[in-house]
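J.: The structure follows.
The values are calculated or read from the model by the stated rules, or taken from the named source; none is laboratory data. Note that the coordinates shown come from a computational prediction; the quantities given were computed from them, not determined experimentally. Please note: Cβ atoms are built from the backbone with ideal geometry, for glycine as well, and neighbour counts cover all protein chains shown. Note: accessible area is taken over every heavy atom of the protein model, side chains too, but ligands, DNA and RNA are not part of it. Shrake-Rupley method; radii C 1.70, N 1.55, O 1.52, S 1.80 Å.
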Amino acid sequence: VYIDGLQKIWAASAGDTDSGSTDKIASTKPTSPELVNKADIKETSRTIELNFLKFATPIYGKVSAGFQPDVQHYGVDILAPKDTPIKAIMDGIVISADQSVKNGNSIYIQHNKNVISVYKHNSALLVKTGDIVKTGQAIAIIGNTGEQSTGPHLHFEMWYDGKYVNPQNYITFQ
């Protein structure tokens with residue numbers, strides 16, 4: 001019965017039950033393989049573990065500038081209303097909560113699985129270095145601080161195993 005069923009399926013897919021008919025699959029023109037960027041394959045295999053982690057959204061809003069490592073923009077810029085709280089994407093430890101001329105008020109959080117999240121240009125920091133944070137906890141208020149800021153927004157980065165990754169591959173911001 002099993003073999004008879006397979007023969008019927010094969011005959012139907014070939015379009016004719018006559019054993020002398022031409023196999024439609026074999027008679028199709030050969031296709032050339034699609035070119036694949038080796039860097040994309042390497043990145044995918046390196047970051048595959050991130051697909052199994054659950055991340056909270058730090059802030060909902062319009063992405064005004066995407067991930068563009070070719071111009072040294074290693075994160076995404078998200079617009080949101082003034083005084084909107086920014087939230088931690090996962091449980092972690094604040095490894096830096098500081099102010100710099102270039103990035104303004106910034107927070108770096110170390111998470112499990114060697115993930116680091118970065119939150120820049122905040123108007124106020126709600127945590128300090130060494131604090132333990134929980135997923136979804138408010139850690140800062142959206143702002144416009146630092147020389148690289150052109151208006152109120154969150155510049156958000158994700159790093160995995162010491163290298164940047166595109167946050168939009170793992171988090172939905174809108």
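J.: Give the long-range amide H neighbours of residue 137: residues separated by 5 or more places, or on another chain, with amide H under 5 Å away, using H modelled in the peptide plane at 1.01 Å from N.
T.: 88
J.: Spelling out what I want: for every residue of the range 150-159, take phi, set θ = phi - 60°, compute 6.51 cos²θ - 1.76 cosθ + 1.60 (Karplus), and round to whole Hz; glycine and proline get x.
T.: Karplus-based 3J(HN,Hα) across the range 150-159 equals 10, x, x, 5, 9, 9, 10, 10, 10, 10 Hz.
J.: Can you give me the accessible area per residue for the range 113-174, using a 1.4 Å probe, in Å²?
T.: 47 Å²
J.: Could you tell me the largest-minus-smallest coordinate of the C-alpha atoms of the range 97-174 on each of the three principal axes, in descending order and whole angstroms?
T.: Principal extents (Cα only, largest first): 31, 26, 24 Å.
J.: For the peptides 123-135, 79-91, what is the packing order when you average, over each peptide's residues, the other Cβ atoms within 10 Å and list the highest mean first?
T.: Top to bottom by mean Cβ count within 10 Å: 79-91, 123-135.
J.: Related question: Using amide H atoms built in the peptide plane, which far-off residues or other-chain residues are under 5 Å from residue 75 H to H?
T.: The answer is 68.
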